[in-house]
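Visitor: First the structure, which I've put down as structure tokens, then a few questions once you've had a look.
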Amino acid sequence: MSKLWGGRFAKGTDALVHEFNASLRFDMRLAEQDIAGSKAWAQGLVGAGVLTQPEADTIIAGLGEVEEELANGRFQFDPTDEDIHTAVERRLTEIVGAVGGKLHTGRSRNDQVATDFRLWLLGACDQVAAWLTDLQQALIESAEANLNLPMPGYTHLQHAQPVTWGHWILSHFWPLTRDQERLGQVRQRTAVLPLGSGALAGTAFPVDRQALADALGFVAISQNSLDGVSDRDFAADFLYMATMIGLHLSRLSEQLVLFSSSEFGFVRLDDGYSTGSSLMPQKKNPDTLELTRGKSGRILGNLVGLLTTLKGLPSSYDKDLQEDKEPVFDAFDTLSHTLPIMAGLLRTLTLRPERMAQQLEPSLLSTDLADYLVKQGVPFRRAHHLVGEVVQLAENRGVPLTALTLTDLKTVSELFGEGATAVFNIPSSLSSRSATGGTAPEALQAQLNAAKQVVSG
Ligand code: ARG
């Protein structure tokens, strides 16, 4: 097999080694970016006095043809093609002849692949941002439709205090806002152009790297050629950001799996977002949520895999770096499913307020009873203890808190007065938490408005 780098080799590559070495199978995804980078480089070589403008025009037109062949599936890959870079250059030279061989002047696949990958990732970041925004929008719609619908709130998965659907669903909105911020940072670190770093030591031709950056939409250029070819922080940053999205979706999934169970029954999944059992006719399974939860592990695996690859490497290019792309592509592909599916699932979700109401039992208001005593001047620690005794009294009698009379309460403490039993009221409990972030209707409305602002932002 003849390779683009074959000059110093007396014999061809072993077939299995060729297959092992080749990355075409997955870096074909960088075709569009490879061609864009090559067009910019050809123009850069004119500025550097390497190519005449007509030569560059010929090369750029030839690259346009290669691009078309790739886009419409007419491109014929050759068994000698090692990666997308060699495939494009080979085909270019077939189309334009010997002048095609001038394109690689002053450039290496090392700065080329780093450039292509960054360009691809910039596009991927835009996609992920759009999917995230749509999911945030779906959460807002769900919150708005049932902003003040009471439901039990949990800590340790035990009944804690009443919250509302809007409050709960927006608790899944803000993590995604932080993911958006992380995404912005990934974008910023990715938009640094390594082209012009050569193999490791820079390029010997006076190419205007800033002009290349401008042409390709990068906001800065790398300052050290060794770092330029070896920096994959942006890929790790992307995977960390993707892992956090995965984790946030997993948490939402886990909660919806619980809420859709017969025991909770707070929500019903749309048929389009659930599946049946091959054996049990009655089953409606939350597979989409379970898969979303499961795939979060896969994204984390991609992050750990890449970090492990990077950890032992010196600066400059090493072939280990070829292992950078698949985990990133896989994380992106996973998000391309989980994010839009979660948005669709939320938009078709049915709530069951009657099931939530059944679970709104009086013990959820124990803190409110303690707060009542606090308002009578009792220190909170003491109030907490007294209400604990009230709870015990009710438990010993096997009745709910609301079955206790004022006389019963007074056996625990004389400090319980007329208004004490009035705290057993869900709406007033919700309304009392009016500080920013709380359950009161005006606090929830303010939160919803803030969320909308973030999304329209
Ligand atoms: N396919 C390679 C990669 O993805 C391109 C760079 C190859 N460079 C080299 N010196 N062999 O990393």
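The values are calculated or read from the model by the stated rules, or taken from the named source; none is laboratory data. None of the values given here were measured: they were computed from a predicted structure. Ideal geometry is used to build each Cβ from the backbone, glycine not excepted, and the neighbour counts take in all protein chains shown.
Visitor: Pull up segment 221-262, narrow it to residues that are in contact (Cβ under 8 Å) with a residue 40 or more places away in the chain and not in a helix (DSSP H, G or I), then point me to the one that is farthest from Ser336 (Cα to Cα).
Guide: Among residues in segment 221-262 that are in contact (Cβ under 8 Å) with a residue 40 or more places away in the chain and not in a helix (DSSP H, G or I), the one farthest from Ser336 (Cα to Cα) is Asp231.
Visitor: Okay, moving on. Among the residues in segment 129-149, are any among the hydrophobic types (A, V, I, L, M, F, W, C), in a loop (DSSP other than H, G, I, E, B), away from the ligand (no atom under 16 Å from the Cβ) and at positive phi?
Guide: no
Visitor: Looking at (1) within 29 Å of the chain's Cα centre (by Cα); (2) more than 16 Å from the ligand (Cβ to nearest atom); (3) surrounded by 21 or more Cβ atoms within 10 Å (Cβ to Cβ); (4) over 21 Å from Gln359 (Cα atoms), which one does Val96 not meet, given that it meets all the others?
Guide: (1) is the only condition that Val96 fails.
Visitor: Could you list all residues from segment 31-64 that are within 20 Å of Ala87 (Cα to Cα), surrounded by 16 or more Cβ atoms within 10 Å (Cβ to Cβ) and over 33 Å from the mean Cα position of the chain (by Cα)?
Guide: Within segment 31-64, Ala42, Ala56, Thr58, Ile59, Ile60, Gly62, Leu63 qualify.
Visitor: Pick out, from segment 1-92, the helices (runs of 4 or more DSSP H) lying fully within it that include 3 or more residues that are polar (S, T, N, Q), at pLDDT 95 or above and out of contact with any strand residue (DSSP E or B) (no Cβ under 9 Å at 6 or more places or on another chain). Don't jump to the end; show me each part of the working.
Guide: On the way: elements: 15-21, 24-27, 31-47, 53-71.
Those helices (runs of 4 or more DSSP H) span 31-47.
Visitor: Go through (1) aliphatic (A, V, I, L, M); (2) closer than 25 Å to Ala357 by Cα; (3) outside any helix (DSSP H, G or I) for Ala422 and report which single condition fails.
Guide: Against the list (1) aliphatic (A, V, I, L, M); (2) closer than 25 Å to Ala357 by Cα; (3) outside any helix (DSSP H, G or I), Ala422 comes up short only on (3).
Visitor: Residues to consider are Leu310, Leu291; find the one that is crowded, with 18+ Cβ neighbours inside 10 Å and of a type in the set (A, V, I, L, M).
Guide: Sole residue among the options that is crowded, with 18+ Cβ neighbours inside 10 Å and of a type in the set (A, V, I, L, M): Leu310.
Visitor: For Val113, indicate whether it is within 16 Å of the ligand (Cβ to nearest atom), among the β-branched types (Val, Ile, Thr), surrounded by 23 or more Cβ atoms within 10 Å (Cβ to Cβ) and within 26 Å of the chain's Cα centre (by Cα).
Guide: Yes: the conditions hold for Val113.
Visitor: Tell me which residues, restricted to segment 164-186, are surrounded by 21 or more Cβ atoms within 10 Å (Cβ to Cβ) and assigned to a helix (DSSP H, G or I).
Guide: Trp165, Gly166, His167, Trp168, Ile169, Leu170, Phe173, Leu176, Asp179, Leu183, Val186
Visitor: When segment 263-289 is examined, which residues are found to be closer than 26 Å to Pro150 by Cα and either acidic (Asp, Glu) or part of a helix (DSSP H, G or I) (or both)?
Guide: Passing the criteria: Glu263, Asp270, Asp271, Tyr273, Leu289.
Visitor: Further question on the same structure: Which residues, taken from segment 299-350, are within 16 Å of the ligand (Cβ to nearest atom) and of a type in the set (A, V, I, L, M)?
Guide: Result: Leu306, Leu310, Leu313, Leu321, Val328.
Visitor: For segment 73-93, enumerate the residues that are within 16 Å of the ligand (Cβ to nearest atom), more than 17 Å from Gly12 (Cβ to Cβ) and not charged (D, E, K, R).
Guide: Phe77, Ile84, His85, Ala87, Val88
Visitor: Under the condition of being on the phi < 0 side of the Ramachandran plot and assigned to a loop (DSSP other than H, G, I, E, B), which residue from segment 363-393 is surrounded by the fewest Cβ atoms within 10 Å (Cβ to Cβ)?
Guide: Pro379
Visitor: What number of residues in segment 394-416 are assigned to a loop (DSSP other than H, G, I, E, B) and exposed (fewer than 13 other Cβ atoms within 10 Å of the Cβ)?
Guide: Adding up the residues that qualify gives 3.
Visitor: Among (1) in contact (Cβ under 8 Å) with a residue 60 or more places away in the chain; (2) assigned to a helix (DSSP H, G or I), there is one condition Leu360 misses while meeting the rest; what is its number?
Guide: With (1) in contact (Cβ under 8 Å) with a residue 60 or more places away in the chain; (2) assigned to a helix (DSSP H, G or I) applied to Leu360, the lone miss is (2).
Visitor: Taking segment 434-457 as the region of interest, how many residues are in contact with an Asp or Glu (Cβ under 9 Å, 6 or more places away or on another chain) and buried (at least 17 other Cβ atoms within 10 Å of the Cβ)?
Guide: 1
Visitor: Would you mention how many residues in segment 187-220 are free of Cβ contacts under 8 Å to residues at least 60 places away in the same chain, on the phi < 0 side of the Ramachandran plot and not in a helix (DSSP H, G or I)?
Guide: Residues that pass the stated criteria total 3.
Visitor: Looking at segment 99-110, which of the residues that are among the small types (Gly, Ala, Ser) and either modelled with pLDDT under 95 or within 16 Å of the ligand (Cβ to nearest atom) (or both) is nearest to Ser316 (Cα to Cα)?
Guide: Ranking the candidates gives Ser108 first.
Visitor: Output the residue which, of all residues in segment 127-162 that are under 18 Å from the mean Cα position of the chain (by Cα) and free of Cβ contacts under 8 Å to residues at least 60 places away in the same chain, is surrounded by the most Cβ atoms within 10 Å (Cβ to Cβ).
Guide: Per the criteria, the residue is Ala129.
Visitor: Among the candidates Leu51, Leu24, Leu4, Leu45, single out the residue that is under 30 Å from Gln210 (Cβ atoms) and within 12 Å of the ligand (Cβ to nearest atom).
Guide: One residue alone meets the criteria, Leu4.
Visitor: Then there is this: So Glu254 clears everything in (1) within 24 Å of Gly305 (Cα to Cα); (2) among the acidic types (Asp, Glu); (3) surrounded by fewer than 21 Cβ atoms within 10 Å (Cβ to Cβ) except one condition, right? Which one?
Guide: (1)
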